[in-house]
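One structure is given below, encoded as structure tokens.
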Amino acid sequence: MARKDNKKKSKFGIWGWLVAALVLVGGGFGVTQGGWLDGGLGDSTETTETMTNETSSVSEGNEEAKHVNITISQSDILWDNEAVTEDEVESRVSNEEDSTTYTVTDENAIKATYDSVIETLIDSQADFQEAEEQF
């Protein structure tokens, strides 16, 4: 009987210590990616500088970048909600800045019309993405 009493002395047990160690290592007590509370053990200076530079370049890019939404429904083409023809799309794309981005949305478009707009963007080497059909 004395043997059982010695074994039950520790209420915390091995599982308790394991859980406590995982909590300490895994993020309890303010451990962050940059170190203990962003200033203790880890060298977060390099990370902060990198993030600052990336934010600056993104901000500068947003000031200059323009985005155009092109929606094609049946044979109708909408350039930022303004009806245009296939020839006008070609003219407008060639007159836009190189930094302009485009999103082409297919809303039950006629294949020939859709392909014509995509071909115009490809020929102009424009930066575009094709959006999913919207309902």
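Values in this text are rule-based calculations from the coordinates and carry no lab data. Treat the numbers as computed from the prediction; the structure is a model and nothing was measured. When we count neighbours, we look across all protein chains shown, and the Cβ atoms used for this are built from the backbone with ideal geometry, even at glycine.
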* **Count of residues meeting criterion [surrounded by 17 or more Cβ atoms within 10 Å (Cβ to Cβ), assigned to a strand (DSSP E or B) and out of contact with any Leu (no Cβ under 7 Å at 6 or more places or on another chain)] in the range 106-135** => 2
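Within the range 90-99, track down each residue that is exposed (fewer than 11 other Cβ atoms within 10 Å of the Cβ) and not in a helix (DSSP H, G or I).
E97, D98
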* To do: Could you please give the count of residues in the range 64-104 that are closer than 17 Å to I122 by Cα and touching a Leu at 6+ places or on another chain (Cβ under 9 Å)?
  => 8
* Read through the list (1) of a type in the set (F, W, Y); (2) part of a helix (DSSP H, G or I); (3) within 26 Å of the chain's Cα centre (by Cα), then give the number of the only condition that Y102 fails. => (2)
